[in-house]
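Working notes for the structure below.
The values are calculated or read from the model by the stated rules, or taken from the named source; none is laboratory data. Being a predicted model, the structure only gives us computed values, none of them experimental. Using ideal geometry, Cβ is built from the backbone for each residue, glycine included, and neighbour counts are taken over all protein chains shown. Heavy atoms of the whole protein, side chains included, go into the accessibility calculation; ligands, DNA and RNA do not. Shrake-Rupley method; radii C 1.70, N 1.55, O 1.52, S 1.80 Å.
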Amino acid sequence: LVFVAFDAEETGGTGSKKFLAEPPIRKENIVVNVNIDMIGQNDKSELYASGTFHYPFLKPYLEPIAKTAKVKLIFGHDRPEQGQDDWTFQSDHGSFHRQKIPYIYFGVEDHKDYHKPTDDYPTLTKAFYVHGVETILEAVKVFDKNAASIALKK
């Protein structure tokens, strides 16, 4: 597992593009990119897993997690016909997708504090955040455990 905190996502994914230009491992050994962005607020306890439209072979790994998660794990926001609601290229996972590296992006829909100074610790939906992180951790564990079979499906 390689954990990376990218910078400059808002300026076109500069950090993730640089990473992929000079990765610390062979690119063909990157089995799946798990991108976490905007998971701090959601009053409806909804966490999206975007990317299964493009990489449907990843969905069966996430479906059992969705059944037991303490958040509502929803698949979507990854279809071209959705226009601006298609998140395929709206965060660092887009750089991986452009290079045909499977991804799952975990995030939430826009909220009242999105891109505002008020998007800070006091406005977090704390229980949602904790449960969302637990759900994402389960997904990472499942992807890691099944990395060999996922690599064969790429």
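For the chain, DSSP calls about 25 percent of its internal beta bridges antiparallel. Between D43 and F57, full extension at 0.36 nm per residue minus the direct alpha carbon distance yields a gain of 2.0 nm.
To put it simply, the accessible area of segment 24-127 at a 1.4 Å probe is 52 percent carbon and sulfur. Applying the criteria of a DSSP loop state and at most 11 other Cβ atoms within 10 Å to the chymotrypsin sites (Phe, Trp or Tyr not before Pro) of segment 1-89 yields F3.
Across the chain, Cα pairs under 8 Å and at least six residues apart give a relative contact order of 34 percent.
The P(r) of the chain has a tail past 27 Å containing 20 percent of all C-alpha pairs. Computed over protein heavy atoms with a 1.4 Å probe, the accessible surface of segment 1-45 works out to 66 Å² per residue. On the beta carbon distance between K141 and K27, with R0 = 22 Å, the FRET formula returns roughly 0.40.
Cross-link reach is defined here as a Cα-Cα straight distance under 29 Å, omitting same-chain residues fewer than 8 places apart; for K44 the lysines meeting it are K59, K67, K70, K72, K112, K116, K126, K141. The C-alpha radius of gyration of segment 60-145, expressed as a fraction of 2.2 N^0.38 Å, stands at 1.20. Here, segment 1-92 has an Rg and a Dmax of 14.5, 40 Å when only alpha carbons are counted.
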